[in-house]
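Worksheet: the structure to be examined is printed underneath.
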Amino acid sequence: MSHAILVDLTECVGCGACRDACQQIHHFPQVEATSLDAQNFTTLRLYENPESGTETYIRQMCQHCKEPACASACLVGALEKTKDGAVTWDANKCIGCRYCMLACPFDIPKYEWGSNNPKVRKCTMCYQERHVREDYEVDDAGYVIDRKGKRVTVDGREITAEERDTILEMTTNYEGNRASACSVACPMEATIFGERSELVAEAQRRIRENPDSYVHKVYGLKEVGGTSVFYLSNVSFESLGFRTKLEETPLPEKTWRVLEKIPDIVVTAGVALGAVYWITNRREEVRRFEDEKKNRIKTKS
Amino acid sequence: MKNALQNITFWKVVAAVFLLGGLTAAIVRFGWGLGAATNLSDITPWGLWIGFDVVTGVGLAAGGFTLAGIVYIFNLKRFKPIVRPAILTAFMGYCLVIVGLLFDLGRPWSIWHALIYQNPHSVLFEVAMCVMLYTTVLALEFSPVVLERFRMKRALKIVKAITIPLIVLGILLSMLHQSSLGSLYLIVPQKMHPFWYSPMLPVFFFVSAVAVGLGMTILESYLSARAFQKTLETPLLRDLARIMIGILLVYFTARFIDLLRRDVLHLVFESSFETAMLWLEVALMLFIPLLLFNIKNWGRTRQGLFFTAFSMVLGFITNRLNVTMTSLERYYQQNFGVTYFPSIGELAVTIAIVTAGFVLFALAVKYLPIFPHHEEETVLRFDNAAERSPSPQISGKPAAELQRH
Ligand code: SF4
Ligand code: SF4
Ligand code: SF4
């Protein structure tokens, strides 16, 4: 099952519950950030429509692309599109080249610039948190272990029973399903977590049933080949500052088109070089042979 | 003589100052992290260290494979005397690129992860593999010089036996590597200015690298001539310059057609920062070299060739910095209101790395048999290929004459 998040900006009241929940579950300081950084995986920004005077809160987070540029860029495969739908990052692999940050079309991955062992940070769709299970036991030292007896780590930290319970509470929605902390915290119908195809249908239903309250576009459906986070809005996405000029072809294809040719290039160029070498050296051999012949004739006569 | 001494001391002082500056920046970088030493940010993740130390640096080291190809594959043996300095610069260039990379990586100690967690879909993985393999190949290609110095005949024989496969491998790796640095940017079509984003980037990077390899060789040979009286014949350099200009003409024709096909040619007369930078690049890389090279009685002298090559190399550097930095500025400005310019720390490290390049080259020319010179007759004797070739011109004397000394 592939998960996704639907953000309906027309429903958002700007209460900041999603942002606060995200900061809390990741042990980040509680601040009202308006731009993403290593300790803010999601932000809210206010947009005032100059014409109508209406206010729209713009929520930003990782798009969890279907074919993520960040993951294709990462030379060690630290970023990965999981079957779950989330794009995750592995601290044990990353070498800190920051090519992922350059490659991401939405400028999402952020970096711990002040650290000497810096991490790439971005929204994880609460992947690890959502996979902490209720039936995980606690070992003698007080840390939560999984069913194989291995200590459970969330965000690189081992967790206590108390932390396990907080995580469970924060990532279980009113229907009893596991969901991202931001969606659980949202008091409106503005952030919903669910199965990708169901959310696409839900987004389209909302537009269909209230055609006057929406611009007729589900942002994230087609951008860079589709993502797992969708936006609905009543103001054009362009004026909200969304990246609207993205092609529908997934970005990784642009580099793969070149990379896949490498074997052919190597073989062709190798053969060509060999041929040139053979011809040029052969020519010289022939010339030397001729010279010798001439010399021999000369000495004879 | 006294004058020359004073001169050298002056440059030594300059080098020491630059190296110290780099050291200071290194302490800040490794003591307090990238944020403290650089102007890099969440918005501008790559800057001067990638743009110059890595992307440009690899290009400037292209002389190694270009000349190896000319001499061993195309069998133009008269260029043989230049192969060694070219391979040496390439090897040192690559070592310095790795140093630059270690500065830039957030977790430099895990650089070896590239070997075990391979992602074949990443251009950067290709880059990493090429850096590693080609540096090894260069070390092997360069090893005869060291082996000769210490008269290790057996090892020398082995290396000599695999010369040609090694050269071919080196050329293949260089092709991949030079082009892959262009491919790196293929994944950000929407961020780059259309002057520099092109699906043809890998090809452009490779072709311009071949040209700059020749330019760098001319420069090096001129500089070492001035400093150490070790030099090559002007006609050889003239031929290199001629090939270089030929390649540049092809390169810019292709770039022109590319701009035309992508329908951005009309932008080249727009008044903008990018346009100015594009023209600067074209002027330094093409127009000025063309002009200088064709000045009567001067263009083909040693000095004329030096300035021709010098302008070309500056143009090449401008091109690489344009691709890696200029082309992104508008995106940063429009979306975040941010402009990137390298910090003092970044500049200090880059300057120190360039200085280290000069120092290492000078030391190598002085202490290793790099340039053909009277004392180095052993070099020629070991070199059966040189004997075969029709009397290579070295320091104006035929090799045969040299050997009789
Ligand atoms: S939005 Fe950026 S960081 Fe998130 S998955 Fe897509 S490419 Fe990766
Ligand atoms: S910074 Fe880390 S996660 Fe990002 S591309 Fe480099 S190695 Fe991968
Ligand atoms: S999915 Fe999780 S990590 Fe992402 S914004 Fe929501 S709470 Fe934060």
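The values are calculated or read from the model by the stated rules, or taken from the named source; none is laboratory data. On a predicted model such as this, the values are computed, not experimentally measured, just so you know. All Cβ positions, glycine included, derive from the backbone under ideal geometry; neighbour counts span all protein chains shown. Surface accessibility is based on the protein's heavy atoms, side chains included, excluding ligands, DNA and RNA. Shrake-Rupley method; radii C 1.70, N 1.55, O 1.52, S 1.80 Å.
Based on the Cβ-Cβ distance from A:I145 to B:L115, what FRET efficiency comes out when R0 is 45 Å, to the nearest 0.05?
Values: r = 33 Å, r/R0 = 0.73.
Here the calculated transfer efficiency is 0.85.
Out of the total accessible area of chain B (probe 1.4 Å, heavy atoms of protein only), what percent is carbon and sulfur?
Values: 12180 of 17250 Å².
Of the solvent-accessible surface of chain B, carbon and sulfur hold 71 percent.
Roughly to the nearest percent, how much of the accessible area of the stretch A:1-134 is carbon and sulfur, given a 1.4 Å probe? Kindly include the intermediate steps, with their values, before the conclusion.
Working: 2270 of 5010 Å².
Carbon and sulfur: 45 percent of the exposed surface of the stretch A:1-134.
Hey, got a sec? Which chymotrypsin sites (Phe, Trp or Tyr not before Pro) in the stretch B:219-316 land in a DSSP loop and have at most 15 other Cβ atoms within 10 Å? Show your work: numbers first, answer last.
Details: sites: B:Y222, B:F228, B:Y251, B:F252, B:F256, B:F269, B:F273, B:W279, B:F287, B:F293, B:W298, B:F306, B:F307, B:F310, B:F316; in loops: B:W298.
For chymotrypsin sites (Phe, Trp or Tyr not before Pro) across the stretch B:219-316 that sit outside H, G, I, E and B with at most 15 neighbouring Cβ atoms in 10 Å, the list reads B:W298.
Once you have the Cα-Cα distance between A:V31 and A:E248, take 0.36 nm times their residue separation minus that, and quote the gain in nm to one decimal. Before the final figure, lay out the partial values.
Values: separation 217, 0.36 × 217 = 78.12 nm, distance 3.53 nm.
Using 0.36 nm per residue and subtracting the Cα-Cα distance, I get 74.6 nm.
At 222 nm, what value in deg cm²/dmol follows for the protein assembly as shown if DSSP H runs of at least 4 each add -39500 (n - 2.57) and the sum is divided by all its residues, to the nearest 500?
Values: 28 runs with 373 residues, N = 706.
Taking each H run of at least 4 residues, the total per residue is -17000 deg cm²/dmol.
Rounded to a whole number, what is D in µm²/s for the stretch B:35-122 from Stokes-Einstein with the Kirkwood radius over alpha-carbon pairs (4 °C, 1.567 mPa s)? Walk me through the numbers before you get to the answer.
Numbers: Rh = 15.2 Å.
Translational D for this selection: 85 µm²/s.
Just how far, in whole angstrom, is the stretch A:165-202 from the stretch B:51-86 if you go by their alpha carbon centroids?
Between the Cα centre of the stretch B:51-86 and that of the stretch A:165-202, the gap is 59 Å.
Under the rule of at least 5 residues apart or a separate chain, name every residue whose amide H is placed under 5 Å from the amide H of A:V138.
A:I145
Taking N as the number of residues in chain A, what is its alpha-carbon radius of gyration divided by 2.2 N^0.38 Å?
Values: Rg = 28.2 Å, N = 301, 2.2 N^0.38 = 19.2 Å.
The reported ratio for this selection is 1.47.
Specify the angular offset, from 0 to 90 degrees and rounded to the nearest 10, of the alpha carbon long axis of helix B:163-183 from the longest principal axis of the alpha carbons in chain B.
20
So, R0 is 30 Å and r is the distance between the beta-carbons of B:Q190 and A:I265; what FRET efficiency does that work out to, to 0.05? All intermediate terms of the calculation are to be shown ahead of the outcome.
Details: r = 27 Å, r/R0 = 0.90.
About 0.65, to the nearest 0.05.
Rounded to whole Å and ordered largest first, report the semi-axes of the equivalent ellipsoid of chain B derived from its Cα gyration tensor (root of 5λ).
So the three semi-axes of chain B are 35, 25, 22 Å.
Would you please calculate the Kirkwood hydrodynamic radius of the stretch A:187-264 over all C-alpha pairs and express it in Å, rounded to one decimal?
On the way: mean 1/r = 0.0691 Å⁻¹.
About 14.5 Å, per the Kirkwood formula over Cα pairs.
Let me have the relative contact order for the stretch B:13-370, percent, based on Cα pairs under 8 Å that are six or more residues apart.
Details: 461 pairs, mean separation 103.6, N = 358.
The normalised contact order for the stretch B:13-370 reaches 29 percent.
Could you tell me which GluC sites (Glu not before Pro) in the stretch A:140-200 are loop residues by DSSP with no more than 16 other beta carbons within 10 angstrom of their beta carbon?
Details: sites: A:E158, A:E162, A:E163, A:E169, A:E175, A:E189, A:E195, A:E198; in loops: A:E175, A:E189.
When the GluC sites (Glu not before Pro) of the stretch A:140-200 are filtered for loop state and at most 16 Cβ neighbours within 10 Å, A:E175, A:E189 remain.
Pull up all non-local amide H partners of A:V229: gap of 5 or more, or a different chain, and H-to-H distance under 5 Å with H placed in the peptide plane.
When sequence neighbours closer than 5 places are left aside, the close amide H contacts are A:I5.
Using a simple spin-label model with points 7 Å from Cα along the Cα→Cβ vector, what separation in nm is obtained for A:T172 and A:D90?
Those two pseudo-labels are separated by 3.0 nm.
Using θ = phi - 60° and the Karplus relation 6.51 cos²θ - 1.76 cosθ + 1.60, list the HN-Hα couplings for the stretch B:218-223 in order, rounded to whole Hz, with x at every Gly or Pro.
3J(HN,Hα) across the stretch B:218-223, in whole Hz: 4, 4, 4, 5, 5, 5.
What Kirkwood hydrodynamic radius do you get for the stretch A:17-124 when you take the inverse of the mean 1/r over all pairs of distinct Cα atoms, in Å? Could you put the intermediate results ahead of the total?
On the way: mean 1/r = 0.0670 Å⁻¹.
In the stretch A:17-124 this quantity evaluates to 14.9 Å.
Note down the Stokes-Einstein diffusion coefficient of the protein assembly as shown in µm²/s, whole number, using a Kirkwood radius over alpha carbon pairs, 25 °C, and 0.890 mPa s. Kindly include the intermediate steps, with their values, before the conclusion.
On the way: Rh = 28.5 Å.
Rounded to a whole number, D works out at 86 µm²/s.
Calculate the radius of gyration of the Cα atoms of the stretch B:138-182 to one decimal place, then report Dmax, the largest Cα-Cα distance, as a whole number, both in Å.
Gyration radius and largest Cα-Cα distance of the stretch B:138-182: 13.0, 41 Å.
With a 1.4 Å probe, what is the total accessible area buried between chains A and B, in Å² rounded to the nearest 100?
When A and B are taken together, about 5000 Å² of accessible area is lost.
With everything on Cα atoms, drop me the angle between helix B:2-32 and the longest principal axis of chain B, reported from 0 to 90° to the nearest 10.
40
Do you know which residues of the stretch B:71-87 lose at least 50 square angstrom of accessible area in the protein assembly compared with their chain on its own, with a 1.4 angstrom probe?
Going by heavy-atom accessible area, the residues of the stretch B:71-87 that drop by at least 50 Å² are B:I73, B:N75.
Roughly how tilted is helix B:273-282, in degrees to the nearest 10 and between 0 and 90, from the longest Cα axis of chain B?
Once rounded, the angle reads 20 degrees.
Roughly speaking, what % of Cα-Cα pairs in the stretch B:181-340 are separated by over 23 Å, rounded to a whole number? Kindly include the intermediate steps, with their values, before the conclusion.
Details: 5300 of 12720 pairs.
So the pairs more than 23 Å apart make up 42 percent of the total in the stretch B:181-340.
If exposed means no more than 16 neighbouring beta carbons inside 10 Å and the site is in a DSSP loop, what's the longest run of chain B without any exposed trypsin sites (Lys or Arg not before Pro)? Before the final figure, lay out the partial values.
Working: sites that count: B:R151, B:R262, B:K296.
By the stated rule (loop sites, at most 16 other Cβ atoms within 10 Å), B:1-150.
Tell me which residues come under 5 Å, amide H to amide H, from A:V235 once H is placed; ignore anything under 5 positions away on its chain.
Result for A:V235 returns A:V215.
Determine, from the Cβ-Cβ distance of B:I257 and A:E162 and an R0 of 60 Å, the FRET efficiency 1/(1 + (r/R0)^6), rounded to the nearest 0.05. Mind dumping the intermediate values first?
Values: r = 67 Å, r/R0 = 1.11.
The calculated FRET efficiency here is 0.35.
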